[in-house]
Amino acid sequence: MSRITATFAALQASQRKALIPFVTAGFPYPDITPELMHGMVTAGADVIELGVPFSDPSADGPVIQAAGDKALAAGIGLRQVIEMVRVFRQKDSTTPVVLMGYANPIERYNQLHQATGDNAFARDAATAGVDGVLVVDYPPEECEAFAAALKAHGLDLIFLLAPTSTDERMDQVARVASGYVYYVSLKGVTGAGTLDTAAVEAMLPRIRQHVKVPVGVGFGIRDAASACAVGRVADAVVIGSRIIQLIDNQPRDKVVPAAVDFLRGIRTALDS
């Protein structure tokens, strides 16, 4: 059983919902990410999504895109992100970590490490302590080989579903997804629009007819009220852009406290 599956099973047994914060690796300071991850765990995070900076994102809104640009300018790439997870694992062997990003860095990583064998990314990510991978631009019908490589190394492959997802697409995702699926509650990029909780509530039963893994919901969740509204119907609440906004332009010693204070409030609200 993967760390992700075990975490969701334990949460379900205690009738609690998963809190999944997203932060861009290497932001706002290139060396702060493992410390920030530990802080988020103390604040009640159940799974951490770590964004891999990429120059041409398609799903990231302006807030996360700017964070990625800053991390890239500081020299943060996939190799450095994997190393951050390795450092995090020195003190935390239980909290699942998911890398979220795009196909190009992964394919480039495999090209650069061809001499060390096929699927170097899957091997190195698993060795460092990564638990799952969400690749925005890998559609399920085109990544069965990638899914098999991840599975061989004990990694979960997580997919996005959207308000526009058809029954056929949900079936395709169900065949290869593991860990959980991430339902994008809005039509658009991260941080855009206003969360329509009634639409989320109507969509989740339809998703669960096709997908048997837990369903997390993200995009548009910015505070305790929206988190609780989603938590009533979803298995997990994913928050990204708001955290990035809160830690941006903070002095280094204020970054972790800012994230911790915010997430503690969300955790308390979800548990109440």
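The values are calculated or read from the model by the stated rules, or taken from the named source; none is laboratory data. All of these numbers come straight from a predicted model, not from anything done at the bench. Glycine gets a Cβ as well: all are built from the backbone with ideal geometry, and neighbour counts include every protein chain shown.
The residues of segment 60-82 that are over 25 Å from Ile221 (Cβ atoms) and surrounded by fewer than 16 Cβ atoms within 10 Å (Cβ to Cβ), listed by number, are Ala73, Ala74, Gly75, Arg79. Going by what's in this entry, would Val217 be described as within 21 Å of Arg16 (Cα to Cα), touching a residue at least 12 places away in the same chain (Cβ under 8 Å) and either out of contact with any Leu (no Cβ under 6 Å at 6 or more places or on another chain) or buried (at least 21 other Cβ atoms within 10 Å of the Cβ) (or both)? Against the criterion (within 21 Å of Arg16 (Cα to Cα), touching a residue at least 12 places away in the same chain (Cβ under 8 Å) and either out of contact with any Leu (no Cβ under 6 Å at 6 or more places or on another chain) or buried (at least 21 other Cβ atoms within 10 Å of the Cβ) (or both)), Val217 qualifies.
Considering segment 98-125, the residues that are part of a helix (DSSP H, G or I) and of a type in the set (Asp, Glu) include one that is surrounded by the most Cβ atoms within 10 Å (Cβ to Cβ), namely Asp124. Could you say whether any residue in segment 14-27 is without any contact (Cβ under 8 Å) to a residue 60 or more places away in the chain, of a type in the set (A, V, I, L, M), closer than 30 Å to Pro139 by Cα and surrounded by 19 or more Cβ atoms within 10 Å (Cβ to Cβ)? For segment 14-27, residues without any contact (Cβ under 8 Å) to a residue 60 or more places away in the chain, of a type in the set (A, V, I, L, M), closer than 30 Å to Pro139 by Cα and surrounded by 19 or more Cβ atoms within 10 Å (Cβ to Cβ): present.
For segment 152-165, taking the residues that are at pLDDT 95 or above and of a type outside the set (A, V, I, L, M, F, W, C), the one that is surrounded by the most Cβ atoms within 10 Å (Cβ to Cβ) is identified as Asp156. If you check Arg169, Arg222 for being among the basic types (Lys, Arg) and more than 25 Å from Asp46 (Cα to Cα), only one passes: Arg169. Across segment 196-211, the qualifying residues are those that are surrounded by 14 or more Cβ atoms within 10 Å (Cβ to Cβ) and out of contact with any Phe, Trp or Tyr (no Cβ under 8 Å at 6 or more places or on another chain), and the one among them that is modelled with the lowest pLDDT is Asp196. Screening Val215 on (1) aliphatic (A, V, I, L, M); (2) under 17 Å from the mean Cα position of the chain (by Cα); (3) under 20 Å from Val136 (Cβ atoms); (4) modelled with pLDDT under 95 shows it passes everything except condition (4). In segment 84-97 there is no residue matching the filter, namely being under 20 Å from Ser241 (Cβ atoms), of a type in the set (S, T, N, Q) and crowded, with 18+ Cβ neighbours inside 10 Å.
Consider segment 36-59 and keep the residues that are among the acidic types (Asp, Glu) and at pLDDT 95 or above. The one that is surrounded by the most Cβ atoms within 10 Å (Cβ to Cβ) is Glu49. In the condition set (1) over 22 Å from Gly154 (Cα atoms); (2) part of a helix (DSSP H, G or I); (3) in contact (Cβ under 8 Å) with a residue 60 or more places away in the chain, Ala71 is compliant with all but (3).
Of all residues in segment 127-151, those that are surrounded by fewer than 16 Cβ atoms within 10 Å (Cβ to Cβ) and not charged (D, E, K, R) total 4. Could you check segment 126-145 and list, in sequence order, the residues that are among the aliphatic types (A, V, I, L, M) and in a helix (DSSP H, G or I)? Passing the criteria: Ala126, Ala128, Ala145.
Pull up segment 231-246, narrow it to residues that are in contact with a Leu (Cβ under 7 Å, 6 or more places away or on another chain) and outside any loop (DSSP other than H, G, I, E, B), then point me to the one that is nearest to Phe219 (Cα to Cα). The qualifying residue nearest to Phe219 (Cα to Cα) is Val237. Residues of segment 20-47 that are part of a helix (DSSP H, G or I) and closer than 24 Å to Gly179 by Cβ: Thr33, Pro34, Leu36, Met37, His38, Gly39, Met40, Val41, Thr42. Within segment 224-256, the residues that satisfy the criterion of being surrounded by fewer than 17 Cβ atoms within 10 Å (Cβ to Cβ), touching a residue at least 40 places away in the same chain (Cβ under 8 Å) and within 14 Å of Gly39 (Cβ to Cβ) are Gln250, Arg252. Among the residues making up segment 58-68, a single one is in a loop (DSSP other than H, G, I, E, B) and under 21 Å from Ile32 (Cβ atoms): Asp60.
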